[in-house]
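The values are calculated or read from the model by the stated rules, or taken from the named source; none is laboratory data. Owing to the predicted nature of the structure, the values given are computational and were not obtained by experimental measurement. Quick reminder, even Gly has a Cβ in these numbers, built from the backbone with ideal geometry, and neighbours come from all protein chains shown. All accessible areas refer to the heavy atoms of the entire protein, side chains included, with ligands and DNA or RNA removed. Shrake-Rupley method; radii C 1.70, N 1.55, O 1.52, S 1.80 Å.
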Amino acid sequence: MQGGSSGVGYGLKYQARCIADVKADTDHTSFLTGTLSLKEENEVHLLRLSSGGTELICEGLFSHPNEIWDLSSCPFDQRIFSTVFSTGETYGAAVWQIPELYGQLNSPQLEKIALLDAHSRKISCVLWWPSGRHDKLISIDEENIFLWNLDCSKKSAQVQSQESAGMLHYLSGGAWDPHDVNIVAATCESSIQFWDLRTMKKANSLESVHARDLDYDMRKKHLLVTSEDESGVRVWDLRMPKAPVQEFPGHTHWTWAVRCNPEYEGLILSAGTDSAVNLWWSSASSSDELTSERLIDSPTRKLDPLLHSYNDYEDSVYGLAWSSREPWIFASLSYDGRVVIESVKPYLSRK
């Protein structure tokens with residue numbers, strides 16, 4: 001269960017927090033990552049796994065003007081991505097495009113498609129429409145949720161609608177429901193709020209949930225996974241919102257990030273400030289029907305949900321991304337700028 005890494009590594013020059021799968025690149029297993037240097041010119045790295053899976057190659061290195069706190073890749077164009085960045089005490093967000101001839105240029109510059117400039121509060125994240133080509137974006141700051149119309153050809157983004165969560169609520173992140181694109185889940189201080197984009201009103205909530213991160217199960221409707229400081233990793237069936245259907249101990253320090261596998265049911269990754277990445281198997285995610293009676297039997301099951309712990313990092317792990325092209329592969333990013341690619345194939349048969 002515990003163990004070092006047999007993965008493929010790559011080192012960034014500066015500290016970093018965020019990494020994203022390039023879902024639109026169907027020919028390569030690719031990831032984008034960005035740095036978080038206060039004093040130096042920050043960088044975006046386009047990384048591709050070699051065909052043999054033995055080397056992580058930097059296919060593009062681009063300067064970025066500010067510290068990158070969030071990075072997401074466009075689901076329909078592999079050259080487009082978004083960042084949330086800090087300029088001292090203020091935050092901004094923008095959509096960028098990698099130049100077409102980046103591999104032939106000495107110092108390629110990112111092309112700014114649009115600034116998401118309606119925010120006056122600290123921005124936490126930008127969310128792309130879950131799959132396929134669409135012109136909608138979500139951006140979330142401490143108090144507000146914005147729905148944008150993005151026009152890449154005209155290099156513009158317009159606010160379609162906006163709503164405030166209220167002064168008493170502090171929004172810190174979110175996830176777009178892949179099964180119902182009208183719903184976005186937003187993490188609040190002690191709850192998760194579900195917003196209906198058609199009305200821009202709160203439709204529902206999970207209470208007494210102190211989540212740092214959350215992710216929808218791509219394979220199962222109604223399933224949501226959260227990472228929480230004191231409770232570790234929790235699996236929720238949104239049809240029974242009063243209590244989680246499964247809980248894992250998480251990490252020995254803060255559980256910072258959680259990601260559900262896009263293809264294999266029940267596979268969950270978590271990352272923490274204890275310098276570890278844990279691979280879990282959720283029996284709740286792999287069950288066709290979830291009922292309250294199942295929970296009575298679950299303590300008697302002797303299956304250990306922790307398949308493996310990757311614990312050879314030297315710093316906190318903030319970034320996690322499954323590959324959508326090769327879903328048995330994931331990338332992790334520790335704060336010291338170390339990217340590691342791992343394969344979970346050895347653990348698939350243990351489920």
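For this structure, a couple of remarks:
- Using the Stokes-Einstein relation with a Kirkwood hydrodynamic radius computed over Cα pairs, the translational diffusion coefficient of the chain at 37 °C and a viscosity of 0.692 mPa s comes to 160 µm²/s.
- Between E263 and R133, the C-beta separation translates, for a Förster distance of 25 Å, into a calculated FRET efficiency of about 0.75.
- Treating r as the C-beta distance of T87 and H210 and R0 as 41 Å, the FRET efficiency rounds to 0.90.
- Accessible area of the chain belonging to carbon and sulfur atoms, whole % at 1.4 Å probe: 45
- Accessible surface, region 22-105, averaged per residue in Å² (probe 1.4 Å): 42
- Cut-off 15 Å, label 7 Å out along Cα→Cβ of L348, residues of region 265-282 by amide N: 265-268
- Gyration tensor (alpha-carbon) shape descriptor, region 83-164, a/c threshold 1.5: oblate
- Both numbers refer to the Cα atoms of region 178-221; Rg and Dmax are 10.7, 28 Å.
- Highest mean packing comes first when the peptides 78-89, 14-25 are listed by Cβ atoms within 10 Å, giving 14-25, 78-89.
- Net charge, A93 excluded, C-beta distance under 10 Å - Lys, Arg +1, Asp, Glu -1: -3
- Whole-Å distance, taken between Cα centres, linking region 153-220 and region 321-337: 24
- Seen through its C-alpha gyration tensor, with square-root eigenvalues sorted a ≥ b ≥ c, region 18-166 comes out prolate because a/c lies at 1.5 or above while a/b is bigger than b/c.
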